[in-house]
Amino acid sequence: MGAVRRPAIPSAGMTVAAFLDWDGGGEGERYQLVDGEPRAMAPASITHGILQSTIARLLGNHLAERGAQCHVVTAPGVQPRVRSQHNMRIPDLGVTCAPDERGLRTLPDPVLLIEILSPSNESETWDNVWTYTTLPSVQEILVLETSGLAAELLRRQPDGSWPESPLRFEADDTLTLDSVGFQATLRTLYSGTHLARSAG
């Protein structure tokens, strides 16, 4: 197997435009762009994948039933406001109410972003979360754990600021996502995972 071709990164860092045109070294790995540096993303665990697909289905069905013009997008490219030319972060899920248009490569005006947290990527995930708060369209950011049945939610306050600490939810707590009018027990989001069974 040949060596992975790394991109030629200028001293100022790779731009989003160059990142979007880069072939990823030809090895099929997924990357996100962090401050001008392509960063490989490890393959997701099965629990992570079940969570991601379950939430996408639940939110997608909910939006369709409401007749909303919003869409759930899996692993979208999100370009934060801070150092926007050198950052392209990849949340697990995003919801936008902007129409789909030919050629879109980044998620326009996301209202909800969701990250699924693994013990091995905790610092990287929270780094992503803080960059999402720079986007004026984002109303909520949900972070789900895979080491237990728990989640944290950041919700933009009426004055446009973000709270110092997220709201915390566990097993039978009801999670409300105001940005999309969705409500369910946290356990419902984890259905199908070993975490739902072990939580009783």
For this session: Within segment 122-130, identify whether any single residue is hydrophobic (A, V, I, L, M, F, W, C) and over 29 Å from I46 (Cβ atoms), and answer yes or no.
Result: no
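Residues are listed down the side, and each one gets a yes or a no for (1) of a type in the set (G, A, S); (2) closer than 24 Å to Q79 by Cα:
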residue	(1), (2)
S118	yes, yes
N121	no, yes
T146	no, no
S165	yes, yes
D178	no, yes
Q183	no, no
G192	yes, no
R197	no, no
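Conditions tested, residue by residue: (1) over 23 Å from V34 (Cα atoms); (2) of a type in the set (D, E); (3) at pLDDT below 95; (4) more than 16 Å from the chain's Cα centre (by Cα).
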| position | (1), (2), (3), (4) |
| --- | --- |
| T106 | no, no, yes, no |
| L112 | no, no, no, no |
| E122 | no, yes, yes, no |
| W126 | no, no, yes, no |
| T131 | no, no, yes, no |
| R155 | yes, no, no, no |
| D159 | yes, yes, no, yes |
For this session: Would you please name the residue that is farthest from M14 (Cα to Cα), looking only at residues in segment 55-104 that are of a type in the set (S, T, N, Q) and more than 18 Å from the chain's Cα centre (by Cα)?
Result: N61
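Conditions tested, residue by residue: (1) surrounded by fewer than 14 Cβ atoms within 10 Å (Cβ to Cβ); (2) out of contact with any Leu (no Cβ under 8 Å at 6 or more places or on another chain); (3) at pLDDT below 75; (4) among the aliphatic types (A, V, I, L, M).
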| residue | (1), (2), (3), (4) |
| --- | --- |
| G28 | yes, yes, yes, no |
| A42 | yes, yes, yes, yes |
| I46 | yes, yes, no, yes |
| G67 | yes, yes, no, no |
Exercise. Quick one: which of R89, R83 is of a type in the set (K, R) and surrounded by fewer than 20 Cβ atoms within 10 Å (Cβ to Cβ)?
Worked result: R83
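Every residue, every condition in (1) closer than 25 Å to V16 by Cα; (2) surrounded by fewer than 20 Cβ atoms within 10 Å (Cβ to Cβ); (3) hydrophobic (A, V, I, L, M, F, W, C), yes or no:
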position	(1), (2), (3)
E122	yes, yes, no
W126	yes, yes, yes
G181	no, yes, no
Y190	no, no, no
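Rundown of residues vs (1) in a loop (DSSP other than H, G, I, E, B); (2) hydrophobic (A, V, I, L, M, F, W, C); (3) in contact (Cβ under 8 Å) with a residue 12 or more places away in the chain, yes/no style:
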site	(1), (2), (3)
L154	no, yes, yes
Q157	yes, no, no
P163	yes, no, no
R168	no, no, yes
D172	yes, no, yes
L175	no, yes, yes
L195	no, yes, yes
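The values are calculated or read from the model by the stated rules, or taken from the named source; none is laboratory data. Every value quoted in this text rests on a predicted model; they were computed, and no experiment measured them. FYI the Cβ positions are ideal-geometry reconstructions off the backbone, even for glycines, and counts take in every protein chain you see.
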